[in-house]
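What follows is calculated from the coordinates using simple rules that are stated; it is not laboratory data. Model, not experiment: these values are computed from the prediction. Ideal geometry is used to build each Cβ from the backbone, glycine not excepted, and the neighbour counts take in all protein chains shown.
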Amino acid sequence: MAVEKKQNEALNVEEALTQSEVFFLKNKKTIIGAVVAVILIVAGVVMYKNLYVEPREEKAQAALFKGQEYFEADLYEYALNGDSISYKGFKYVIDEFSGTAAANLAQAYSGICLYHLGKYEEAAKALDQFDGDDQLVAPAIQGAMGNCYAELGQLDKAASLLMKAAKAADSNSISPIFLMQAGKIYMKQGKFDDALSAYTTIKEKYFRSYQAMDIDKYIEQAKLSKK
């Protein structure tokens with residue numbers, strides 16, 4: 001009985017293999033074509049990355065370097081638009097190397113340059129096009145946008161962005177800055193409860209920050225203004 005069972009199992013296996021062979025023979029061209037297509041796609045992706053993406057990223061980074069130097073020296077016009085000698089500007093990097101990490105970084109730089117040049121609406125638009133999810137960089141850009149809208153007199157939008165940026169960063173270094181800015185906007189708007197909430201968050205959550213050193217003064221101002 002056991003021998004017969006093993007013989008049946010062997011026959012089933014052999015039959016399955018035979019069916020597989022028949023299926024392969026019938027569909028050989030389709031199967032081989034599909035395999036070749038996958039190989040070509042993978043090879044294409046690798047070649048695209050090695051021969052186009054990486055060299056282009058390197059060129060973009062090189063084009064960005066001089067702009068970073070101008071930016072750090074507070075030469076925002078040169079950083080943004082170039083120096084008419086060899087460096088072409090952050091705007092050039094954005095247009096010429098679209099899709100690269102360097103171009104994305106140039107987008108953030110250009111927004112901050114425009115802010116310092118007093119072009120707040122352009123700055124807000126430029127910063128809004130920055131694509132990033134870093135825990136500190138993304139909120140910092142959001143906070144910078146808030147400052148742009150504050151300069152444009154759009155105080156509700158400004159305060160909202162600053163509060164969101166502070167919450168997203170959850171950082172002892174930048175969250176208190178945005179909370180303080182939002183608090184001052186709320187005070188200007190007569191929204192004393194909101195200002196008090198922003199100031200109190202600094203005192204309770206970010207008590208080790210520089211802004212916390214004299215936060216009691218602002219809390220008292222907000223309380224007195226409510227009366």
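Data for the structure
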{"read-out": "Ascending count of other beta-carbon atoms within 10 Å, so fewest first, for 85, 112", "value": "85, 112"}
{"read-out": "91, 226 arranged by Cβ crowding within 10 Å, fewest neighbours leading", "value": "226, 91"}
{"read-out": "Taking all pairs of distinct alpha-carbon atoms in region 132-227, Kirkwood radius in angstrom", "value": "13.0 Å"}
{"read-out": "Packing-based exposure ordering (other Cβ within 10 Å, fewest first) of 217, 184, 223", "value": "217, 223, 184"}
